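Working notes, structure below.
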Amino acid sequence: MMRRKTHRIKNFISIAVIASMLLGLASCKTNLNSHIRVEDEISKLNNVERNIYVSGNEDYEAIANYLQYIATESDFKGSMIAATDDEIIFAAGTGLLDVDGNEATPYTTYEIGSNTKSFTAVCIMSLIEKKKLTMDKTIGELFPEYSSYPSYEKISGITVSDLLHMRSGLADYVNDPVDFIGEEILYEICGPDPANNLVYAEAYRMIEAAFDDELFLERLFTLEPLSEPGVEFVYNNTNYHLLALIVERVSGKAFEDYLNEVVFGPCNMKNTSADSSVEVTASYEYSEELDYLSDPEFQMGAGGIRSNVADMLKFDRTLFGGYILNEKSMDELLTPVDGYACGWQIRDGFVYHCGDVPRFSTSNYIIERDGKRIYIILMANLKGDYRSVIPKNIDMMF
């Protein structure tokens, strides 16, 4: 369906993490409503300072104190939340203003960037559960109308599994748009000398606005691949935009509609969207050159979702609680190839994903110990050391 604009190597740690996650899935499933009443939980927390809230549970006091220190004494600027399946330990907005000039809160919305990939993978696994798709289905079978294009034979054997695990060998349309689009089309969009006449943000906005799914697929089946499919891991946004198009083609629904049906609706994620229906309310304080919002249609599947830490907690709890996918699908979803599973990275004992866009950086961590999970979700103005430092320190306290 066209949109509106026209090997398996598992290390010991990864196996242990997956097994533990799935054990929690089987043994800790509780009422769904208790997982998604996040607003009610936050309203009952103790407001200790500005927009900083803690549970007061002595079992997690060290974690709450540490996160309060990060929120008040570090250069972190954004929103964060830490929770188990049973309670929220800490929630905050700090150091960053929203578009109305008020300090950020746990309900301030951001672009989540590549954390979108976790949602795209869930949609694919949902279609596999419904027996509408398989992991070994090839893009040649899914898009046979491009069989006359120059690179069709070379890339037609790429499978859904290759795309999910970042092993397609395709060029990256987001990070290398000039190479992906080609100079001739670029000049048509931006003029004959975009490097001299347009600042980066202006040129990129023009590319995003002009770049539709038909052009994406035409270029995909025209360009020489960077490597053969299934050979090596290379992180690549093209894989997940193509997966979103597969969701549309197989489901017969727009990607955002299928997401609403499978994830956003069941998880009660009322402040989350894969289009522009939810506004980004976080401000930006870095560089005018990069001060722009991404086009959700251009980023679709690879990025483009807008959300807040409260809604993201609903997604994490619901997914890892076993309410969206069955156990077999979760096993597939969390099985890594070279450290990358299906929309999730599995390293250092964590299941996680991060996202970067011109304005914001986001991180979503799940730590599992003895059948109990802790979720750490961070949305901020900039990248920073907090990405690795916070989850590792909390891991030692958990």
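Worth pointing out:
- Test result for Thr72, among the hydroxyl-bearing types (Ser, Thr, Tyr) and either open to solvent by 10 Å² or more (accessible area, probe 1.4 Å) or more than 30 Å from Asn239 (Cβ to Cβ) (or both): yes
- Whichever residue in region 118-175 is polar (S, T, N, Q) and under 19 Å from Thr222 (Cα atoms) and, among such residues, is nearest to the chain's Cα centre (by Cα): Asn175
- Among the numbered conditions (1) more than 30 Å from Asp213 (Cα to Cα); (2) among the hydroxyl-bearing types (Ser, Thr, Tyr); (3) modelled with pLDDT under 70, the only one that Ser43 does not meet is (3).
- Scanning region 75-129 for residues that are assigned to a loop (DSSP other than H, G, I, E, B) and charged (D, E, K, R), we see that the one that is surrounded by the fewest Cβ atoms within 10 Å (Cβ to Cβ) is Asp100.
- Scanning region 323-336 for residues that are open to solvent by 10 Å² or more (accessible area, probe 1.4 Å) and either modelled with pLDDT under 95 or closer than 24 Å to Arg306 by Cα (or both) yields a total of 2.
- Listed by first and then second residue, the pairs with beta-carbon distance under 7 Å, at least 6 apart or on different chains, first residue in region 368-387 and within 19 Å of Thr318 (Cα to Cα), second open to solvent by 10 Å² or more (accessible area, probe 1.4 Å) and outside any helix (DSSP H, G or I), are Arg369/Phe398; Gly371/Cys28; Arg373/Asp85; Ile374/Phe398; Ile376/Tyr365.
- If the condition is being polar (S, T, N, Q), within 22 Å of Pro106 (Cβ to Cβ) and not in a strand (DSSP E or B), then region 296-329 contributes Asn308, Thr318.
- Matching residues, region 130-170, being out of contact with any Lys or Arg (no Cβ under 6 Å at 6 or more places or on another chain), under 15 Å from Glu332 (Cα atoms) and open to solvent by less than 20 Å² (accessible area, probe 1.4 Å): Leu133, Leu163, Leu164, His165, Met166
- Within region 188-209, not a single residue is crowded, with 19+ Cβ neighbours inside 10 Å, modelled with pLDDT of 85 or more and out of contact with any helix residue (DSSP H, G or I) (no Cβ under 7 Å at 6 or more places or on another chain).
- Glu232 falls short on exactly one of the conditions (1) closer than 25 Å to Thr134 by Cβ; (2) part of a helix (DSSP H, G or I), and that condition is (2).
- Options Ala282, Ala341, Ala302, Ala310; residue that is within 24 Å of Ile89 (Cα to Cα), touching a helix residue (DSSP H, G or I) at 6+ places or on another chain (Cβ under 7 Å), small (Gly, Ala, Ser) and open to solvent by less than 10 Å² (accessible area, probe 1.4 Å): Ala310
- Residue that is modelled with the lowest pLDDT, among those in region 283-322 that are among the small types (Gly, Ala, Ser) and over 18 Å from the mean Cα position of the chain (by Cα): Ser287
- Residues (under 27 Å from Asn260 (Cα atoms) and of a type in the set (Phe, Trp, Tyr)) located in region 72-131: Tyr107, Tyr110, Phe119
- One residue stands out among those in region 361-386 that are farther than 16 Å from Phe350 by Cβ and open to solvent by less than 10 Å² (accessible area, probe 1.4 Å): the one that is modelled with the lowest pLDDT, which is Asn381.
- Neighbours by Cβ (under 7 Å, 6+ apart or cross-chain): first from region 345-363, at positive phi; second surrounded by 18 or more Cβ atoms within 10 Å (Cβ to Cβ) and not in a loop (DSSP other than H, G, I, E, B): Gly349/Val17
The values are calculated or read from the model by the stated rules, or taken from the named source; none is laboratory data. Just so we're clear, the structure is a prediction, and the values are computed from it rather than from any experiment. Every residue, glycine as well, gets a Cβ built from its backbone with ideal geometry; the counts of neighbours run over all protein chains shown. With ligands, DNA and RNA removed, areas are computed over all heavy atoms of the protein, side chains included. Shrake-Rupley method; radii C 1.70, N 1.55, O 1.52, S 1.80 Å.
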